[in-house]
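Trainee: First, the structure itself, so that you have it in front of you.
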Amino acid sequence: MKNPDTVVFDLGGVLVDWNPRYLYRKLIADEAEREWFLNNVCTPDWNVRQDAGRPIAEANAEAIARHPDKADLIRAFYDRFDETMAGPIQGTVDILERLDAAGTPLYALTNWSAETFPIGRRRFPFLGRFRHITVSGEIKTIKPDPAIYRHVLAQANKPAEDCVFIDDSPKNVDAARALGFHALHFEGPEKLARELAALGFPA
């Protein structure tokens with residue numbers, strides 16, 4: 001099998017340090033109360049529905065109907081979304097920049113709400129290095145649905161075996177691998193650099 005020549009990056013957890021706890025540590029001082037809120041009110045499953053295209057206004061209304069006493073905290077999730085991102089994961093950004101300097105075709109595939117993704121675009125100039133970014137909320141399909149990986153391949157005009165896919169979620173990695181990608185589970189920039197170098201990239 002020949003080495004791949006194209007790299008597809010996930011964003012959150014790979015290039016962007018995102019965690020709603022960065023915001024809610026400011027809003028809910030008690031750790032147990034904060035974890036209860038994030039596991040029962042603004043949950044990962046609730047958030048991923050916005051990544052799949054549900055409007056934020058609808059999401060807020062649904063959560064507030066369940067927990068009317070938490071209305072201000074619920075609205076804060078998206079009103080203050082920028083505060084859920086601590087910043088770039090610089091080691092991975094360095095890898096991205098080296099790949100770009102070498103002329104590697106770069107694409108991104110992210111589960112991200114279409115309404116909040118412009119915040120990321122404004123904040124992180126390195127996103128301009130991608131030839132195309134597939135945003136789940138824009139096409140209303142989320143990883144690990146095979147359709148979203150095929151969308152990226154169509155944008156790149158490449159077969160899966162020519163592409164490396166990098167994600168911090170094992171289930172997303174497994175889905176990409178099943179379609180023929182060289183799929184890497186992101187566990188830190190140093191490990192990623194070694195894995196990309198083994199595939200022939202200047203990482």
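The values are calculated or read from the model by the stated rules, or taken from the named source; none is laboratory data. Since this is a predicted model, take the numbers as computed values, not measurements. Virtual Cβ from ideal backbone geometry, glycine too; neighbours counted across all protein chains shown. SASA here: full protein model, heavy atoms, side chains in, ligands and nucleic acids out. Shrake-Rupley method; radii C 1.70, N 1.55, O 1.52, S 1.80 Å.
Trainee: Among Lys26/Lys70; Lys26/Lys191; Lys2/Lys158; Lys2/Lys171, which pairs are too far apart, with a Cα-Cα distance over 21 Å? Don't skip to the answer; put the middle values down first.
Mentor: Numbers: Lys26/Lys70 15 Å; Lys26/Lys191 32 Å; Lys2/Lys158 14 Å; Lys2/Lys171 25 Å.
As for pairs spanning more than 21 Å Cα to Cα, those are Lys26/Lys191; Lys2/Lys171.
Trainee: Report, as a whole number in µm² per second, the diffusion coefficient that Stokes-Einstein gives for the stretch 117-203 at 37 °C and 0.692 mPa s using the Kirkwood radius over alpha carbon pairs.
Mentor: On the way: Rh = 14.0 Å.
Estimated via Stokes-Einstein, D reaches 234 µm²/s.
Trainee: Leaving out ligands and nucleic acids, and using a 1.4 Å probe, what accessible area per residue does the stretch 91-203 come to in Å²?
Mentor: Result: 44 Å² of accessible area for each residue.
Trainee: Kindly state, to the nearest 0.05, the FRET efficiency for Gln90 paired with Tyr22, given R0 = 22 Å and r defined as their beta-carbon distance.
Mentor: 0.85
Trainee: Here's a follow-up. Can you work out the FRET efficiency for the pair Arg121 and Glu33, with r the C-beta to C-beta distance and R0 = 30 Å, to the nearest 0.05?
Mentor: 0.35
Trainee: Need one value: the accessible area of Lys171 in square angstrom, 1.4 angstrom probe, rounded to the nearest 10.
Mentor: Surface open to solvent at Lys171 totals about 130 Å².
Trainee: If you average the C-alpha positions of the stretch 1-80 and of the stretch 162-203 separately, how far apart do those two centres end up, in angstrom?
Mentor: Rounded to whole Å, the Cα centres lie 25 Å apart.
Trainee: For the stretch 59-123, compute the orientation-averaged projected area of the C-alpha convex hull (one quarter of its surface), in nm². Could the numbers behind the result be given before it?
Mentor: Working: hull surface 22.7 nm².
Spelled out: convex hull of the Cα atoms, projected over all directions, averaged, 5.7 nm².
Trainee: Between Rg and the Kirkwood Rh of the chain, both from Cα atoms, what is the Rg to Rh ratio?
Mentor: Radius of gyration relative to Kirkwood radius: 1.00.
Trainee: Against the longest alpha carbon principal axis of the chain, how many degrees, from 0 to 90 and to the nearest 10, is the axis of helix 90-101 turned?
Mentor: 40
Trainee: Got a number for carbon plus sulfur as a percent of the chain's accessible area, 1.4 Å probe?
Mentor: On the chain, the fraction of accessible area on carbon and sulfur atoms equals 50 percent.
Trainee: With only Lys, Arg, Asp and Glu charged, each at its Cβ (+1 for the first two, -1 for the last two), find how big the charge dipole of the chain is about the Cα centre; round to the nearest 20 debye. Walk me through the numbers on the way to the answer.
Mentor: Working: 25 positive and 30 negative charges, 85 e Å.
Dipole size: approximately 400 debye.
Trainee: Mind checking the full-extension length gain between Asp174 and Lys2? Use 0.36 nm per residue of separation minus the Cα-Cα distance, one decimal, nm.
Mentor: Going from the current span to full extension adds 59.9 nm.
Trainee: Toward the positive end of the charge dipole of the chain, about the Cα centre and with charges on Cβ (Lys, Arg +1; Asp, Glu -1), which of Val41, Leu11, Leu127 goes farthest?
Mentor: Most positive-ward Cα: Leu127.
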